[in-house]
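> Have a look at this one before I ask anything.
The values are calculated or read from the model by the stated rules, or taken from the named source; none is laboratory data. Keep in mind that what you see is a predicted model, and the values were worked out from it rather than measured. Note: ideal-geometry Cβ built from the backbone for every residue, glycine included; neighbour counts use all protein chains shown. Surface areas here come from the heavy atoms of the whole protein model, side chains and all, with no ligands, DNA or RNA. Shrake-Rupley method; radii C 1.70, N 1.55, O 1.52, S 1.80 Å.
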Amino acid sequence: MSRNQPPPQKEEAHKINNRIDSREVRLIAADGANVGVVPTRQALTMAEEAGLDLVEISPDAQPPVAKILDYGKFKFQEQKRLAEARKKQRVIEIKEIKLRPMIDDHDFGVKMRAARRFFEEGDKVKVTLRFRGREMDHQDLGYKLLLRVKSDMADMAKVELEPKPEGRQIIMILTPKGKGG
């Protein structure tokens, strides 16, 4: 059994026109001029005469700040501004580069070029050096390799986490240096 009720309305971000419940508002005209504190009824009349909406911009102010504007256009501008802000956000990822203690020079070069590309994109790099079998007896070779990585990347990255052993591997985290850093 369904009732004949309209779906619940989504709460608007701003109170508009007759939804403004304060007795008076600090009014900003359509041209951006500060009109001052006026009764809400008078502000609504002015908005109707201009063919626009009265929108409560700052409800927490005493008295609330309201502006005469085209609400549809205002909402569109707000959405555009939020989308622009989201576009500018950059999530810093941690990329991983895996090495072996007896890595060939050419392979090492390929891995370092990849690391440089990650730093240019602003990402952190986790260097994982994995030991197999008897390689664990020669951890000093692993530390030397990580020192080589650190010195090769010194121009564009700094060490965030010094090399530390974790079971059969040693990890080190490098972070890109700031602009001009």
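> Based on the mean of other beta carbon atoms within 10 Å per residue, what is the order of 127-137, 51-61, 105-115, most packed first? Don't skip to the answer; put the middle values down first.
Details: 127-137: 14.5, 51-61: 16.5, 105-115: 12.9.
Put in order of decreasing packing, that is 51-61, 127-137, 105-115.
> Note the direction-averaged projected area, equal to a quarter of the hull surface, for the Cα convex hull of segment 50-125, in nm².
8.7
> Tell me the accessible surface of Lys75 in square angstrom (1.4 angstrom probe, heavy atoms of protein chains only), to the nearest ten.
Roughly 90 Å² of Lys75 is accessible to a 1.4 Å probe.
> Let me ask you something else. Round to the nearest 10 and give me the degree value, 0 to 90, for the angle of helix 105-120's Cα axis relative to the longest principal axis of the chain.
The helix 105-120 is inclined about 20 degrees to the chain.
> Given all pairs of different Cα atoms, what value in angstroms does the Kirkwood hydrodynamic radius of segment 96-181 take?
On the way: mean 1/r = 0.0768 Å⁻¹.
After inverting the pairwise mean of 1/r, the radius is 13.0 Å.
> Another one. Taking only Cα atoms, what is the 0 to 90° angle, nearest 10, from helix 71-88's long axis to the longest principal axis of the chain?
Tilt relative to the chain: about 10 degrees.
> Carbon-plus-sulfur fraction of the accessible area of the chain, 1.4 Å probe, in percent?
On the way: 6370 of 12770 Å².
The nonpolar share, carbon plus sulfur, comes to 50 percent.
> When mean projected area of the Cα convex hull in nm² is calculated directly from the model, which label among (i) 21.5; (ii) 13.8; (iii) 12.4 fits?
(i)
> For the chain, what does the accessible surface come to per residue with a 1.4 Å probe? Please give it in Å². All intermediate terms of the calculation are to be shown ahead of the outcome.
Working: 12770 Å² over 181 residues.
Per-residue value: 71 Å².
> Counting only helical runs of four or more DSSP H residues, what would the 222 nm mean residue ellipticity of the chain come to if each run contributes -39,500 (n - 2.57) and the total is spread over all its residues?
One gets -10500 deg cm²/dmol as the mean residue ellipticity at 222 nm.
> Taking H placed 1.01 Å from N in the peptide plane, check which residues at least 5 places from Lys15 or on another chain put their amide H under 5 Å from its amide H.
Here Glu56 satisfy the definition.
> Just add up the charged neighbours of Arg168: K/R +1, D/E -1, any other residue whose Cβ is under 15 Å from the Cβ of Arg168.
+3
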